[in-house]
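A.B. asks: Let me give you the structure first, and then I'll get to my questions.
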Amino acid sequence: MGLHDAALRCRASGAAAAALVLLVSIARGDTLDGPASVVHFPSSAKPQAERIQETFRWRREHAALWLGLEPEGKALVHLVPDLASMRALSPGAPSWAVAVTTGSMMVFRLDIVDRDKANALDLVLKHETIHFVLNRSRARFPRWFEEGLAVHHAGVPYLELDTTLERFAAARNLPHFDDAGRLFEGDSREAALGYKLGQRAAGAFLGRFGDDGLRRLVRESSKGLPFPEAFEEATGVTLAAFEESWRAEVTPALPFWLFVVVENFELSLLFLCAILAGLGYARWRLRRERAMSGLGGGPAGG
């Protein structure tokens with residue numbers, strides 16, 4: 001059966017058609033096979049494929065050293081043109097995903113990678129390498145913590161989301177750790193909050209317990225312990241107590257309304273000036289009307 005006939009049979013299923021198109025694309029594309037990774041890519045993406053092939057091995061070693069794990073396993077990397085192609089390989093990929101790592105397979109979307117600083121290929125590869133190394137181990141972390149470690153390791157510039165996190169905390173709407181996983185199932189704005197929450201929490205963990213504490217946590221989790229138990233075994237602190245202290249750190253001391261005013265200082269100042277200008281104009285009109293009234297009430301001239 002030819003490719004045309006196969007496509008006709010798959011037209012009732014968008015996912016099957018996308019998978020077929022992707023297979024044809026891979027067959028017509030190029031492959032780089034190295035000691036640490038196999039990269040499939042369209043010919044137009046050769047520079048990105050070469051960057052991954054050149055850097056993945058030492059990125060894997062660096063990530064494994066940080067986590068206290070062995071730098072083992074070969075990655076199967078796909079550079080795909082768009083979301084449909086990504087979902088053909090990883091059906092659960094969200095629409096906002098730049099890259100997805102499942103087991104030893106890493107999929108990068110060429111329509112987003114390198115589009116801006118936050119999605120630079122080198123940063124995304126560092127992020128995904130954490131997932132790859134953890135996938136090869138027995139350690140299992142909740143989504144918010146693993147994503148937080150990956151963001152922290154990659155150094156993704158999410159600083160602009162600090163005030164977003166603090167605004168939720170000030171309004172007492174910041175999700176708790178046990179509910180933070182749902183953020184990654186929502187839209188891009190919810191996912192961004194999830195990444196920022198994870199990054200700040202992972203950063204607080206590392207600031208308090210250091211890299212040695214992270215390696216102990218990986219070892220305890222590798223024993224099959226639930227995350228709260230592994231956390232307490234590794235740190236001597238309950239996860240609930242850690243979360244309570246972390247939430248106190250990220251919650252502004254100001255009342256919510258004042259926090260909003262300070263956060264939007266320029267807009268608040270402009271609004272205040274507009275009110276003052278309106279009051280000044282109203283006062284001027286009132287004084288003018290009174291003056292005109294006085295002039296109109298005087299004696300008539302002879």
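A.B. asks: Looking only at residues that are in contact with a Lys or Arg (Cβ under 9 Å, 6 or more places away or on another chain) and of a type in the set (A, V, I, L, M, F, W, C) in segment 141-155, which one is nearest to Gly194 (Cα to Cα)?
C.D. replies: Checked segment 141-155; the qualifying residue nearest to Gly194 (Cα to Cα) is Val151.
A.B. asks: Among the residues that make up segment 205-227, is at least one of them modelled with pLDDT under 95 and in contact with a His (Cβ under 9 Å, 6 or more places away or on another chain)?
C.D. replies: Taking every residue of segment 205-227 in turn, none turns out to be modelled with pLDDT under 95 and in contact with a His (Cβ under 9 Å, 6 or more places away or on another chain).
A.B. asks: Give the residue that is surrounded by the most Cβ atoms within 10 Å (Cβ to Cβ), with candidates limited to residues of segment 109-135 that are within 27 Å of Phe242 (Cβ to Cβ) and touching an Asp or Glu at 6+ places or on another chain (Cβ under 8 Å).
C.D. replies: Restricting to residues being within 27 Å of Phe242 (Cβ to Cβ) and touching an Asp or Glu at 6+ places or on another chain (Cβ under 8 Å), the top hit is Ile130.
A.B. asks: How many residues does segment 100-155 hold that are among the acidic types (Asp, Glu) and in contact (Cβ under 8 Å) with a residue 60 or more places away in the chain? Step through it out loud before you land on a result.
C.D. replies: As a first pass, look at segment 100-155 and keep what is among the acidic types (Asp, Glu): 111, 114, 116, 122, 128, 146-147.
From what's left, in contact (Cβ under 8 Å) with a residue 60 or more places away in the chain: 114, 122.
Counting residues in segment 100-155 that are among the acidic types (Asp, Glu) and in contact (Cβ under 8 Å) with a residue 60 or more places away in the chain gives 2.
A.B. asks: How about segment 182-224: which of its residues are of a type in the set (Ser, Thr, Tyr), more than 19 Å from Ala64 (Cβ to Cβ) and crowded, with 19+ Cβ neighbours inside 10 Å?
C.D. replies: Tyr195, the sole residue that qualifies.
A.B. asks: While we're here: I'd like to verify a number: residues in segment 238-250 that are within 18 Å of Leu214 (Cα to Cα), of a type in the set (A, V, I, L, M, F, W, C) and surrounded by 15 or more Cβ atoms within 10 Å (Cβ to Cβ), how many?
C.D. replies: Within segment 238-250, residues that are within 18 Å of Leu214 (Cα to Cα), of a type in the set (A, V, I, L, M, F, W, C) and surrounded by 15 or more Cβ atoms within 10 Å (Cβ to Cβ) number 3.
A.B. asks: Return yes when Leu123 is aliphatic (A, V, I, L, M) and at pLDDT below 95 and no when it is not.
C.D. replies: So Leu123 fits the description; yes.
A.B. asks: Can you tell me which residue is nearest to Asp122 (Cα to Cα) among those in segment 49-78 that are under 22 Å from the mean Cα position of the chain (by Cα), of a type outside the set (Lys, Arg) and crowded, with 20+ Cβ neighbours inside 10 Å?
C.D. replies: Ile52
The values are calculated or read from the model by the stated rules, or taken from the named source; none is laboratory data. None of these values were measured; they are calculated from a predicted model. Positions of Cβ are generated from backbone atoms using ideal geometry, with glycine treated the same way; all protein chains shown enter the neighbour counts.
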